[in-house]
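These notes are about the structure you will find just below.
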């Protein structure tokens, strides 16, 4: 009888814990290695591990949902996802639409070309075709600093949903260069016949985004990031993915 009572008690406790478990839908764009990418059907990367580690210490699970980068903020605002973790730079324009956590990573932009192209930083000027990912800070930088100032025709910008497509077009000589976040550019130099010929100093900070009315969730994520910074876990992830 005692064993039966113990089994029932444990089952009841399990059902209570399950009833109160929280799963957040996390939006990302999984062609941004080493921050987020897919390997053998599994979502991997710095950002993916980061949000899972925050979940471990703050008591929630995550469901990763892959979508185009420019769809992430609209999906967050509409409530289709709860969190965005996608190597997203904190900008004034984005911060008017969503709330960001404290920064968890800093980066600049890089100019990526084919190894056999002979191009240097001047590839950004003239009639060359420059690839960017739609809605990224690289897209914004090229538009504001090259197109708007007359250094590059707007017809010479080629926008992509993912950087994987952009790199394929670069290798196939359909475009001449890509402007993208430096850590991601570094990763592509290790897997594809491409090289970095210039760094654009933008001093960007990445943050995790939530909907404006989710202050409770924002506080939870901020607490998680600060705890991971204190216990050294973020440093471990940096070493794992960037060194």
Residues located in the stretch 96-112, provided they are surrounded by fewer than 15 Cβ atoms within 10 Å (Cβ to Cβ) and not in a strand (DSSP E or B): 96, 97, 103
Being touching a helix residue (DSSP H, G or I) at 6+ places or on another chain (Cβ under 9 Å) and either within 24 Å of residue 96 (Cα to Cα) or surrounded by 14 or more Cβ atoms within 10 Å (Cβ to Cβ) (or both) is the filter here, so list the residues in the stretch 222-237 that pass it. 223, 224, 225, 227, 228, 233, 234, 237
In the stretch 154-179, residue surrounded by the fewest Cβ atoms within 10 Å (Cβ to Cβ) [restricted to those that are more than 20 Å from residue 196 (Cβ to Cβ) and touching a helix residue (DSSP H, G or I) at 6+ places or on another chain (Cβ under 7 Å)]: 154
Does residue 66 satisfy the condition of being surrounded by fewer than 17 Cβ atoms within 10 Å (Cβ to Cβ) and without any contact (Cβ under 8 Å) to a residue 40 or more places away in the chain? yes
Looking at residue 93, is it surrounded by fewer than 17 Cβ atoms within 10 Å (Cβ to Cβ) and not in a strand (DSSP E or B)? yes
Test residue 235 against the criterion of being assigned to a loop (DSSP other than H, G, I, E, B) and assigned by TED's automatic domain parsing to the domain that holds residue 34, and give yes or no. no
Just to be sure, is residue 115 more than 30 Å from residue 218 (Cα to Cα) and either surrounded by 14 or more Cβ atoms within 10 Å (Cβ to Cβ) or at pLDDT 95 or above (or both)? yes
Within the stretch 89-102, the residues that are in contact with a strand residue (DSSP E or B) (Cβ under 8 Å, 6 or more places away or on another chain) and more than 24 Å from residue 22 (Cα to Cα) are 89, 90, 94
Could you check how many residues of the stretch 203-221 are surrounded by fewer than 17 Cβ atoms within 10 Å (Cβ to Cβ) and under 19 Å from the mean Cα position of the chain (by Cα)? 2
I'm trying to understand the selection: among the residues of the stretch 29-75, which are assigned to a loop (DSSP other than H, G, I, E, B) and out of contact with any helix residue (DSSP H, G or I) (no Cβ under 6 Å at 6 or more places or on another chain)? 30, 40, 41, 45, 59, 67, 68
Within the stretch 118-141, residues surrounded by fewer than 18 Cβ atoms within 10 Å (Cβ to Cβ), without any contact (Cβ under 8 Å) to a residue 60 or more places away in the chain and assigned to a loop (DSSP other than H, G, I, E, B) come out as 118, 125, 127, 128
Of residues in the stretch 123-164 being out of contact with any strand residue (DSSP E or B) (no Cβ under 8 Å at 6 or more places or on another chain) and within 19 Å of residue 86 (Cα to Cα), the one modelled with the lowest pLDDT: 135
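The values are calculated or read from the model by the stated rules, or taken from the named source; none is laboratory data. Worth saying up front: this structure is predicted, and the values here are computed from it rather than measured. We place every Cβ from the backbone using ideal geometry, glycine too, and count neighbours over all the protein chains shown.
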